[in-house]
1. In deg cm²/dmol and to the nearest 500, what is the mean residue ellipticity at 222 nm of the chain if only DSSP H runs of at least 4 residues count, each as -39500 (n - 2.57), divided by the residue total?
2. Take the solvent-accessible surface of the protein heavy atoms, probe 1.4 Å, and return the percent of it on the chain that carbon and sulfur atoms account for.
3. In degrees from 0 to 90, rounded to the nearest 10, what is the angle of the helix 61-71 Cα long axis to the longest principal axis of the chain?
4. What accessible area per residue comes out for the chain, rounded to a whole number of Å², with a 1.4 Å probe?
5. What is the magnitude of the charge dipole of the chain about its Cα centre, with +1 placed on the Cβ of each Lys and Arg, -1 on the Cβ of each Asp and Glu, and no other charges, expressed in debye to the nearest 20?
6. Students often get this wrong, so check it: of LYS26/LYS66; LYS13/LYS62; LYS26/LYS62; LYS94/LYS114, which have C-alpha atoms separated by over 22 Å?
7. Pairs of alpha-carbon atoms within less than 8 angstrom and 6+ residues apart define the contacts here; what relative contact order does the chain have, in percent?
8. Along the charge dipole of the chain, pointing to its positive end and built from +1/-1 on Cβ of Lys, Arg, Asp and Glu, which listed residue (THR120, ILE49, TYR27) has its Cα farthest out?
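The values are calculated or read from the model by the stated rules, or taken from the named source; none is laboratory data. What you are looking at is a predicted structure, and each value in this text was computed from that prediction instead of being measured. So basically every Cβ, Gly included, is an ideal-geometry build from the backbone, and we count neighbours across all protein chains shown. Surface accessibility is based on the protein's heavy atoms, side chains included, excluding ligands, DNA and RNA. Shrake-Rupley method; radii C 1.70, N 1.55, O 1.52, S 1.80 Å.
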Amino acid sequence: MNQYHIINMMEEKQRIRNVVAQNVRKYRKLEGLTQEQLAEAADVSNTYIANIECGQTWVSDKTLEKVAAALRVEIYLLFISEKSEQNAKDTFVKSRENISYLKKRQNQLNNYVKAFFSETFEHIVRN
């Protein structure tokens, strides 16, 4: 492994730490908890929660499970960046818009087909 790959791995680890940090802080505030209250609920120290929220420490899977449980969120939510979350929301909105457009076009096509067969049937009956 060359130096470039090692630097990229270190940057990726820090990016993940930052995402977890932002999400722990966000969900803690949504729950109305202080760092001390979260630390007590997760059975870790106040300093440890502060370090997690600053992105200064890596968290074990066991500790993340306890923190997620204390925050009453699924653990995977701690790894979703706001950018990813926004992209998912944008995709959902675009999908809804596309579905709406397709339903409108389907109704127009249905009306066209009905008119075509109605006119064709009338033409056959007249002749």
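1. Numbers: 5 runs with 100 residues, N = 127.
The helix contribution divided over the chain gives -27000 deg cm²/dmol.
2. On the way: 5350 of 9800 Å².
Summing carbon and sulfur atoms, their accessible area is 55 percent of the total for the chain.
3. 70 degrees
4. On the way: 9800 Å² over 127 residues.
Counting only protein heavy atoms, the per-residue value for the chain is 77 Å².
5. Working: 19 positive and 16 negative charges, 119 e Å.
It comes to approximately 580 debye.
6. Details: LYS26/LYS66 16 Å; LYS13/LYS62 18 Å; LYS26/LYS62 20 Å; LYS94/LYS114 30 Å.
Listed pairs above 22 Å: LYS94/LYS114.
7. On the way: 74 pairs, mean separation 30.6, N = 127.
Answer for the chain is 24 percent.
8. THR120
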